[in-house]
Amino acid sequence: MQQNTSGFAKFRSAITPKFMKPYAKIWREEGFKVLIKKAGWKVVALIIVFYLVRDSIIYLLLPYLIAKGIFQ
């Protein structure tokens with residue numbers, strides 16, 4: 001498989017947590033079913049929880065704190 005060296009691919013690689021990189025590689029190269037077979041549902045649940053917490057902080061907590069600081 002040819003390595004994609006575009007700017008976006010480098011950026012995505014830089015922001016992907018280290019514990020997720022092997023699983024992301026499996027998903028890209030072999031698909032979701034193989035990821036489930038190799039890693040199990042616990043890894044999928046961990047990824048979902050990771051992004052749920054991250055997005056909650058980015059899209060809920062930060063705007064709340066910014067608005068609270070601006071309007072007081």
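The values are calculated or read from the model by the stated rules, or taken from the named source; none is laboratory data. Here the structure is a predicted model, which means the values were calculated and not measured. Virtual Cβ from ideal backbone geometry, glycine too; neighbours counted across all protein chains shown.
Of the residues Lys10, Lys68, which single one is surrounded by 10 or more Cβ atoms within 10 Å (Cβ to Cβ), without any contact (Cβ under 8 Å) to a residue 60 or more places away in the chain and charged (D, E, K, R)?
Details: Lys68 fails: surrounded by 10 or more Cβ atoms within 10 Å (Cβ to Cβ).
Only one candidate qualifies: Lys10.
Kindly check whether there is at least one residue in the stretch 15-32 that is exposed (fewer than 10 other Cβ atoms within 10 Å of the Cβ), at pLDDT below 80 and either β-branched (Val, Ile, Thr) or within 16 Å of the chain's Cα centre (by Cα) (or both). Full working, then the answer.
Taking the stretch 15-32 first, the residues exposed (fewer than 10 other Cβ atoms within 10 Å of the Cβ) are 15, 18.
Still in the running and at pLDDT below 80: 15.
Now narrow it down to the ones that are either β-branched (Val, Ile, Thr) or within 16 Å of the chain's Cα centre (by Cα) (or both): 15.
Among the residues of the stretch 15-32, at least one is exposed (fewer than 10 other Cβ atoms within 10 Å of the Cβ), at pLDDT below 80 and either β-branched (Val, Ile, Thr) or within 16 Å of the chain's Cα centre (by Cα) (or both), which makes the answer yes.
Of the residues that sit in the stretch 33-52 and are more than 21 Å from Ile15 (Cα to Cα) and of a type outside the set (D, E, K, R), which one is surrounded by the fewest Cβ atoms within 10 Å (Cβ to Cβ)? So that I can check it myself, show each step before the final result.
Residues of the stretch 33-52 that are more than 21 Å from Ile15 (Cα to Cα), as a first pass: 33-34, 36-42.
Those still in the list that are of a type outside the set (D, E, K, R) too: 34, 36, 39-41.
Numbers: Val34: 12, Ile36: 14, Ala39: 16, Gly40: 11, Trp41: 8.
For the stretch 33-52, the residue satisfying everything is Trp41.
Pull out all pairs, ordered by first then second residue, where Cβ-Cβ is under 7 Å, the residues are six or more apart or on different chains, the first lies in the stretch 17-31 and is among the acidic types (Asp, Glu), and the second is part of a loop (DSSP other than H, G, I, E, B).
Glu29/Met1
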